[in-house]
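For reference, the structure discussed in these notes is given below.
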Amino acid sequence: MTAKLTGTSALITGASSGIGAATARELAARGASVALVARRRDRLETLAADIENDGGTALAIEADITDRAQAQAAVEKTIERFGQLDILVNNAGLMLLGPVLGADPEDWTRMISVNLQGLLHTTHAALPHLLKAAEDSPRQVADIVNISSIAGRVAWGGYGVYNLTKFGVNGFTESLRQEVTRRHVRVGVLEPGGVDTELASHNTPEIQSGMTTPFYEQTEVLAPADIADGVAYMVTRPRHTSIAELWIMPTDQA
């Protein structure tokens with residue numbers, strides 16, 4: 001594998017499992033030093049040790065990015081350890097499905113907090129350092145990749161507030177892209193569909209049996225590594241090439 005990211009550092013939220021962990025491994029294999037941010041310290045430390053054993057460089061940072069101060073501290077720890085920040089992957093997310101009537105409003109609050117507020121807090125804290133990297137680093141470009149969902153483009157019954165948060169991620173990504181692209185910070189959204197992660201497991205058994213399980217049974221479900229490949233593809237483009245939006249979709253089995 002070509003080490004196109006040697007000399008860079010990346011911060012990945014939601015890095016303790018699934019897409020986040022796979023992305024951390026992929027970027028580290030390409031030469032980036034990776035800051036692993038999530039709430040589950042034991043998993044972070046195991047992942048960081050695995051990356052170090054494979055010859056990479058990793059920093060485990062326990063943080064709840066829905067708290068602005070913790071998001072800011074995670075970025076500061078990254079800068080303290082690696083001296084710079086070149087790549088931000090906003091991956092942390094929560095998917096709680098169900099109809100609006102009968103839903104628990106606390107679930108809505110949790111999704112909005114993780115999927116939107118956490119992304120905003122981390123981006124706000126990281127952006128000055130990304131702009132500096134775009135100016136000062138030999139690479140002369142920095143990247144923000146926001147992991148959204150096909151639910152940020154297509155609405156389905158029962159996806160209500162999850163759709164709302166992912167449409168919000170996509171809109172924010174496009175707005176930020178227009179703000180900073182001329183300063184060589186590339187901002188893009190990656191929209192996967194049908195990935196085999198823990199995300200669906202947070203739903204009730206009724207939702208799983210009625211909504212998520214039938215979908216997975218009808219498709220060739222993507223693996224987290226497929227999405228990690230997409231992230232790597234976005235951040236290793238030539239300096240003047242920017243990918244604003246990338247879809248990665250499973251293949252129907254039928």
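The values are calculated or read from the model by the stated rules, or taken from the named source; none is laboratory data. The structure displayed is predicted, hence computed values, not measured ones. Because the Cβ atoms are built from the backbone with ideal geometry, glycine has one as well, and the counts that use them run over all protein chains shown. Accessible surface is based on the protein model in full, side chains and every heavy atom, while ligands, DNA and RNA are left aside. Shrake-Rupley method; radii C 1.70, N 1.55, O 1.52, S 1.80 Å.
A few remarks follow.
- Computed over the range 29-78: relative contact order in percent, which uses C-alpha pairs under 8 Å that are six or more apart: 38
- Within the chain, percent of DSSP bridges classed antiparallel, to nearest 5: 5
- Once C-alpha pairs closer than 8 Å and six or more residues apart are averaged by separation and normalised to the residue number of the chain, the relative contact order reads 19 percent.
- Extension reserve of the K4-M249 stretch, reckoned as 0.36 nm per residue once the Cα distance is removed: 85.6 nm
- Evaluated over the range 1-143, the Cα radius of gyration and Dmax, each in Å: 15.7, 54
- Once the 1.4 Å probe is applied to the protein heavy atoms, the chain comes out at 47 Å² accessible per residue.
- Remark: spin-label model distance H124-R110 equals 2.4 nm, labels positioned 7 Å along the Cα→Cβ axis.
- Seen against the Cα atoms of the chain and their longest principal axis, helix 18-29 is set at about 20 degrees.
- Heavy-atom SASA rank of D136, D64 (probe 1.4 Å, accessible area, largest first): D136, D64
- q = 0.09, 0.11, 0.14, 0.15 Å⁻¹, the chain: log10 I(q)/I(0) [Debye, one scatterer per Cα]: -0.36, -0.55, -0.90, -1.03
- Every helix of 4 or more DSSP H residues in the chain counts as -39500 (n - 2.57), and over all residues that averages to -13000 deg cm²/dmol at 222 nm.
- Percent accessible area from carbon and sulfur atoms, the chain, protein chains only, probe 1.4 Å: 51
- The value of relative contact order for the range 46-156, using C-alpha pairs under 8 Å at least six residues apart, is 31 percent.
- Theoretical FRET efficiency, 1/(1+(r/R0)^6), r = Cβ-Cβ of D67 and E45, R0 22 Å, to 0.05: 0.60
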